[in-house]
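Enquirer: Supplied in structure tokens, the structure appears directly below.
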Amino acid sequence: MRTQPLVEQMELMGCIQCGRCTGGCPLARKTALNIRSLIYDMLVAPEMDVHAHQELWDCTCCFTCVERCPKDVRPAELIIALRGEMVESGRIPETVGAALMGVFRQGNPSGIAREDRSAWVGDGPQPKAAQEGCELLYFVGCSPSYDPRLQTVPRTLARVFSQAGTDFGTLGTEENCCGSEVQRMGEAGLFEMLVEENGELIRRTGASRLVTTSPHCYTALKNEYALGKVEVLHYTQLLADLLAHGQLAFDREVPRIVTYHDPCFLGKHNQIYEEPRAVLNAIPGLQLVEMDRNRERSLCCEGGGGRMWAEGTNPEERLSAQRVEEAAATGADVLAVACPFCLLTLEDAVKVAGLEDQLRVMDVAELVADALDLPVTNQIGAPLARSTGPEREC
Amino acid sequence: MSLSRVGVYVCHCGTNIAANVDVARLAEFARSLPGAVLARDYPYMCSDRGQALIREDVSEQALDRVVVAACSPRMHEPTFRDAVRQAGLNPYMVEMANIREQCAWVHDDRARATEKATRLVASAVARAVLLEPLEERQVDVEPGVVVIGGGIAGLAATLTVAEAGYSAYLVERSGSLGGRVRELDRTYPTLDKVQVVLRELVSRVAAHPNVTILLRSSVTSVDGCVGDFTVEVKTRGANLGEGVDASRDSQTLVVGSVIVATGFDPFDPRRKPELGYGQYPSVITTLELEQRLAAGDLGDNGAAPRRVAFLQCVGSRDVQVGNPYCSRVCCMVVAKQARQLRGLMPDAEITVYYSDVRTFGKGAEEFYDETRAQGVLYRRASVSEIVRSQNRVRLVGEDTLLSRAIGVEVDLVVLATGMEAGADSASLSAMLRLQRSPDGFFLEAHPKLRPVDTATAGVYLAGCCQGPKGIADTIAHAKAAASSALIPLLRGSVQADAATAIVNPALCANCGLCVEECPYGAPALDPFRGVATVNALLCQGCGACAVVCPAKAISLQHATACQVLAQVDALMA
């Protein structure tokens with residue numbers, strides 16, 4: 001491919017080659033991914049063979065590089081654009097192709113049947129159909145809808161929203177992938193289509209607020225959909241708001257030492273650091289301890305940027321393995337997360353590290369369920385059947 | 001109107017104007033304007049030859065008004081006023097059309113830019129024919145200077161003023177003199193003891209009979225204009241004796257010039273949380289290391305660090321923290337400190353992590369060479385993150401020459417923190433009517449030609465309040481500011497702008513609205529005549545009173561309603 005168009009579009013001439021992007025990149029320490037050097041290549045050479053850079057699929061879009069760049073170059077966005085070149089050519093990893101096809105056909109990257117999207121409700125109360133109008137639209141997201149391990153999170157949240165007296169509804173089986181990961185895997189055309197379709201669906205509900213389970217959906221819906229007057233919230237923000245206004249109160253003690261892992265798409269992408277902590281701190285008996293790297297310094301779990309579907313070239317220890325060691329070092333018995341991808345990657349890492357007896361990975365919503373003594377908590381920790389969809393690689 | 005003889009001069013400004021405006025066509029158009037008797041275009045009207053052209057035409061063609069279509073009047077109006085004055089015309093008979101900043105520089109469609117330039121010139125000529133000669137006032141200059149800020153810049157400026165034989169009032173906020181320099185150990189590139197240099201300067205200032213030092217004092221207001229500033233200074237109680245009336249803690253100084261030397265604030269590296277400053281005790285700033293070096297105690301409890309890292313450009317050249325500029329001193333500060341540590345800890349491994357090294361200035365590159373020769377390693381890697389690693393910290397980054405991610409455990413990290421505009425810059429800029437550049441520092445009148453002047457005549461900048469500087473540059477800048485501040489004092493009188501407000505007593509209803517409106521206290525109601533009067537010495541020509549006057553009794557000379565309306569009519573025609 002010719003480099004000039006991207007050099008101009010991404011304003012790469014602003015780069016001073018300081019290396020803080022690659023220096024801060026958690027994958028650069030493990031694989032050939034070196035975005036600083038790639039930018040230099042693009043600046044000096046008129047042509048580039050993008051397919052020679054399979055390590056571009058390693059990027060988790062954690063946005064550390066974007067945060068660190070002193071010149072406002074946005075290296076991760078260049079990676080997404082280069083992935084776009086590969087997608088355009090059709091030469092992409094098989095698993096990426098399958099995920100994109102799944103979204104196109106079934107509205108979720110696992111390609112599971114669209115009509116099963118409400119399976120997360122289980123034997124809980126059926127939420128109201130947002131299509132009939134509601135104040136608060138709950139956007140459940142693909143992984144929490146389908147993955148049995150994650151389904152406890154929306155199930156809990158739905159009960160909490162009811163208990164707090166909100167007028168909430170969901171899109172049911174009409175809900176579609178938000179496209180966050182689609183965009184980051186470089187499939188701009190499909191993403192544009194999703195933005196159009198979902199945007200229309202969301203606007204038609206007349207909801208004034210939209211809440212998401214996942215920071216990934218949150219990022220896409222808040223920053224990349226022009227939803228106008230619809231206020232987009234991550235559920236930790238909504239819970240913090242309900243607590244602050246007395247619409248929600250915890251009465252059951254949860255005597256646990258908890259450390260909180262900031263998800264990249266909540267933290268580095270959206271600077272939401274305090275609300276999840278406010279929710280945790282409101283739980284009686286819970287003691288919050290911080291990891292050495294927290295907030296904007298949080299280490300990526302390696303689950304974003306399409307990495308739940310793209311294997312990448314990292315042959316070494318997962319970042320999630322390093323992260324659970326950091327969590328264990330705090331002496332916490334719970335590693336709290338607020339992102340479905342973090343929940344899966346870190347839970348796996350705890351198992352791989354043999355830390356199950358010492359450290360349990362829980363979503364903030366699950367700790368909230370404990371603090372509210374909701375029945376849904378019974379399912380937490382129970383052995384779960386794996387998804388019936390295509391095998392996830394992690 | 002037909003009696004006026006206007007000469008129009010269209011400047012090419014090299015290609016600055018000529019590239020985007022058809023100057024020949026513009027001159028031709030100008031000749032057709034009512035009142036215009038000639039029009040010329042010329043490569044540089046501000047050059048000696050350009051000015052001579054105007055002078056010759058004024059004499060030979062009996063011009064009585066001159067229009068120059070060129071740059072902003074802020075740039076060269078004084079030049080052309082002088083030129084016509086030399087040719088025997090009143091200097092207020094010049095009008096400028098700004099066809100550079102407001103036309104050629106901001107438009108790229110040549111035809112439309114030329115069309116706009118014709119309107120601007122037509123407007124200037126329409127106004128020019130209505131201009132009236134005004135008498136410039138001579139203002140006696142008060143023979144003193146107020147210097148705000150007692151750091152090294154303020155001290156150097158104060159001493160220069162005092163040695164020239166004038167009174168200098170040095171106003172310092174804190175209880176002692178020397179400012180940031182008090183915290184420094186040695187200079188670069190000569191490795192002199194800073195405190196010895198400072199002590200000598202302070203004692204010379206303190207001992208000088210022309211100097212009044214006001215410690216624990218702040219300037220609370222500045223009124224008046226060049227030659228005649230009234231400066232209110234408030235002193236906090238500490239140096240007043242018992243039983244002193246609290247209202248006596250403020251005083252009024254009347255001086256001819258004001259020098260602003262308010263310095264900078266060091267960047268707070270907590271704004272880059274990835275570097276762990278404030279979190280890890282082994283991460284310190286260059287300023288902190290300087291204090292430790294000065295105290296002769298590295299704060300290591302005897303266990304000398306085996307591995308020391310310096311990190312360049314912390315809080316500088318970084319748009320993420322809003323500081324896009326280079327702080328200019330850090331590279332040399334680091335080279336100097338690394339050299340000092342080398343001497344103190346011959347066995348330590350000392351590495352400077354940089355992305356560019358900027359050791360400019362006399363003796364600076366040579367100093368950098370010698371620092372490396374003495375065993376300080378320079379590694380082209382800017383550290384992205386610092387993390388804990390047992391008792392040490394680990395630097396995480398990329399060696400950009402090796403294209404390799406690195407993680408290095410070190411005992412001591414020194415962050416080369418840059419400079420920022422002082423936190424009080426905003427309030428000072430409002431009080432002194434100073435402009436600030438986008439970086440937050442005070443803006444000089446011209447980046448090359450007037451580096452210590454400001455847009456407010458009689459107010460000058462010294463040192464880091466204008467932008468980051470090392471000690472040598474600060475002192476040079478301060479002495480330049482003092483020299484400029486002395487010019488009006490040495491002349492003894494200054495010409496004040498005649499473009500001031502005047503009251504037509506026949507129309508004045510003595511309502512007092514002008515008194516309320518004026519920010520400079522220029523108008524007052526005359527109790528005997530029952531009309532308003534304007535003190536021309538205080539009037540800054542802003543026109544607020546003329547606008548607010550319901551009886552239209554006040555008119556602003558050189559911007560009368562007739563002149564402005566003619567200008568607008570020509571623009572809209």
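The values are calculated or read from the model by the stated rules, or taken from the named source; none is laboratory data. These figures come from a predicted structure and were not determined experimentally. In this analysis, Cβ positions are derived from the backbone assuming ideal geometry, glycine residues included, and neighbour counts consider all displayed protein chains.
Enquirer: Looking at segment B:252-302, which of its residues are closer than 27 Å to B:L198 by Cα and hydroxyl-bearing (S, T, Y)?
Expert: B:S257, B:T262, B:T285, B:T286
Enquirer: Just checking, does segment B:151-170 include any residue being of a type in the set (F, W, Y) and under 23 Å from the mean Cα position of the chain (by Cα)?
Expert: Step one: list which residues in segment B:151-170 are of a type in the set (F, W, Y), which gives B:166, B:169.
Narrowing the set further to residues that are under 23 Å from the mean Cα position of the chain (by Cα) leaves B:169.
Yes.
Enquirer: Within segment A:276-294, does at least one residue satisfy the condition of being more than 14 Å from chain B (Cβ to nearest Cβ), aliphatic (A, V, I, L, M) and under 30 Å from A:E88 (Cα atoms)?
Expert: First, the residues of segment A:276-294 that are more than 14 Å from chain B (Cβ to nearest Cβ): A:276-289.
Checking the rest, the ones that are also aliphatic (A, V, I, L, M) come to A:278-280, A:282-283, A:286, A:288-289.
Filter once more, so that each one left must be under 30 Å from A:E88 (Cα atoms): none.
The answer is no; no qualifying residue exists.
Enquirer: Among residues belonging to segment A:65-81 that are of a type in the set (V, I, T) and under 22 Å from A:F191 (Cβ atoms), point out the one that is nearest to the other protein chains (Cβ to nearest Cβ). Outline the logic, then answer.
Expert: First, the residues of segment A:65-81 that are of a type in the set (V, I, T): A:66, A:73, A:79-80.
If we keep only those that are under 22 Å from A:F191 (Cβ atoms) too, we end up with A:66, A:79-80.
On the way: A:V66: 10, A:I79: 16, A:I80: 20 Å.
Restricting to residues being of a type in the set (V, I, T) and under 22 Å from A:F191 (Cβ atoms), the top hit is A:V66.
Enquirer: Could you list, in sequence order, all residues of segment B:429-461 that are part of a loop (DSSP other than H, G, I, E, B) and within 19 Å of B:G227 (Cα to Cα)? Break it down stepwise before answering.
Expert: In the first step, residues of segment B:429-461 are kept if they are part of a loop (DSSP other than H, G, I, E, B); the result is B:433-435, B:437-441, B:443-445, B:447-449, B:451-452, B:454-458.
Residues satisfying the conditions are B:R433, B:L434, B:A445, B:V452, B:T454, B:A455, B:T456, B:A457, B:G458.
Enquirer: For segment B:401-419, indicate whether the set of residues that are buried (at least 23 other Cβ atoms within 10 Å of the Cβ), of a type in the set (S, T, Y) and in contact with a helix residue (DSSP H, G or I) (Cβ under 9 Å, 6 or more places away or on another chain) is non-empty.
Expert: yes
Enquirer: Take B:A113 and decide whether it is farther than 25 Å from B:A559 by Cβ and touching a residue at least 60 places away in the same chain (Cβ under 8 Å). Before you say what the answer is, go through the steps one by one.
Expert: Values: farther than 25 Å from B:A559 by Cβ: yes; touching a residue at least 60 places away in the same chain (Cβ under 8 Å): yes.
So B:A113 passes the test.
Enquirer: Having 2 or more residues that are of a type in the set (D, E, K, R) and under 29 Å from A:C62 (Cα atoms) is the bar; report the helices (runs of 4 or more DSSP H) wholly within segment A:95-201 that clear it. Full working, then the answer.
Expert: On the way: elements: A:142-146, A:152-163, A:180-184.
Ranges flagged: A:180-184.
Enquirer: Turning to a different aspect of this structure: In segment B:368-394, which residues are among the hydrophobic types (A, V, I, L, M, F, W, C), more than 9 Å from chain A (Cβ to nearest Cβ) and crowded, with 19+ Cβ neighbours inside 10 Å?
Expert: Of all residues in segment B:368-394, those among the hydrophobic types (A, V, I, L, M, F, W, C) come to B:373, B:376-377, B:381, B:383, B:386-387, B:393.
Retained after the next criterion (residues that are more than 9 Å from chain A (Cβ to nearest Cβ)): B:373, B:376-377, B:386, B:393.
B:V376, B:I386, B:V393, listed by residue number.
Enquirer: Right, next: Take residues that are aromatic (F, W, Y) and farther than 30 Å from A:E290 by Cα and tell me which of the strands (runs of 3 or more DSSP E) falling wholly in segment B:360-415 contain 1 or more.
Expert: Working: elements: B:377-380, B:383-389, B:392-399, B:404-410.
Here the list reads B:377-380.
Enquirer: Filter segment B:513-534 down to residues that are under 27 Å from B:A430 (Cβ atoms), loosely packed, with under 13 Cβ neighbours inside 10 Å and either β-branched (V, I, T) or at pLDDT 90 or above (or both), then give me how many there are.
Expert: Residues in segment B:513-534 being under 27 Å from B:A430 (Cβ atoms), loosely packed, with under 13 Cβ neighbours inside 10 Å and either β-branched (V, I, T) or at pLDDT 90 or above (or both): 1 in total.
Enquirer: Within segment B:483-495, identify whether any single residue is surrounded by fewer than 16 Cβ atoms within 10 Å (Cβ to Cβ), in a loop (DSSP other than H, G, I, E, B) and of a type in the set (G, A, S), and answer yes or no.
Expert: Yes, some residue in segment B:483-495 is surrounded by fewer than 16 Cβ atoms within 10 Å (Cβ to Cβ), in a loop (DSSP other than H, G, I, E, B) and of a type in the set (G, A, S).
Residue-by-condition table, conditions (1) surrounded by fewer than 20 Cβ atoms within 10 Å (Cβ to Cβ); (2) among the small types (G, A, S):
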{"residue": "A:C18", "(1), (2)": "no, no"}
{"residue": "A:G24", "(1), (2)": "no, yes"}
{"residue": "A:T31", "(1), (2)": "yes, no"}
{"residue": "A:I39", "(1), (2)": "no, no"}
{"residue": "A:E67", "(1), (2)": "no, no"}
{"residue": "A:E85", "(1), (2)": "yes, no"}
{"residue": "A:S89", "(1), (2)": "yes, yes"}
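Enquirer: Same structure again: Looking at B:T15 and the list (1) surrounded by fewer than 18 Cβ atoms within 10 Å (Cβ to Cβ); (2) among the β-branched types (V, I, T); (3) in a strand (DSSP E or B), which single condition is not satisfied?
Expert: Unmet condition: (3).
Enquirer: Pairs under 7 Å by beta carbon, first residue among the aliphatic types (A, V, I, L, M) in segment B:455-468, partner modelled with pLDDT under 95, six or more apart or different chains?
Expert: So the pair list comes out as B:A455/B:Q435; B:A455/B:A445; B:A457/B:C225; B:A457/B:V226; B:V459/B:L432; B:V459/B:L434; B:L461/B:T454.
Enquirer: Only strands (runs of 3 or more DSSP E) wholly contained in segment B:216-311 count here; list those with 1 or more residues that are modelled with pLDDT under 95 and not assigned by TED's automatic domain parsing to the domain that holds B:G322. Steps first, answer last, please.
Expert: Working: elements: B:217-225, B:228-235, B:250-255, B:257-260, B:264-266, B:283-285.
Fully inside segment B:216-311 and qualifying: B:217-225, B:228-235, B:250-255.
Enquirer: Let me confirm something: among A:E316, A:E302, A:E311, which residue is under 25 Å from A:A99 (Cβ atoms), touching a Gly at 6+ places or on another chain (Cβ under 9 Å) and in the same structural domain as A:L359 (by TED's automatic domain parsing)? Working first, answer last.
Expert: Working: A:E316 fails: touching a Gly at 6+ places or on another chain (Cβ under 9 Å); A:E311 fails: touching a Gly at 6+ places or on another chain (Cβ under 9 Å).
From the options A:E316, A:E302, A:E311, the qualifying one is A:E302.
Enquirer: When segment B:173-201 is examined, which residues are found to be in contact (Cβ under 8 Å) with a residue 60 or more places away in the chain and either more than 28 Å from B:S425 (Cβ to Cβ) or of a type in the set (D, E) (or both)?
Expert: B:E183, B:D185, B:R186, B:P189, B:T190, B:L191 - these are the residues of segment B:173-201 that are in contact (Cβ under 8 Å) with a residue 60 or more places away in the chain and either more than 28 Å from B:S425 (Cβ to Cβ) or of a type in the set (D, E) (or both).
Enquirer: Find the residue count for segment B:127-156, including only residues that are within 17 Å of B:V231 (Cα to Cα) and either assigned to a loop (DSSP other than H, G, I, E, B) or in contact with a His (Cβ under 9 Å, 6 or more places away or on another chain) (or both).
Expert: Result for segment B:127-156: 5.
Enquirer: Out of (1) modelled with pLDDT of 95 or more; (2) out of contact with any helix residue (DSSP H, G or I) (no Cβ under 8 Å at 6 or more places or on another chain); (3) not aromatic (F, W, Y), the odd one out for A:G90 is which?
Expert: The single condition A:G90 does not satisfy is (1).
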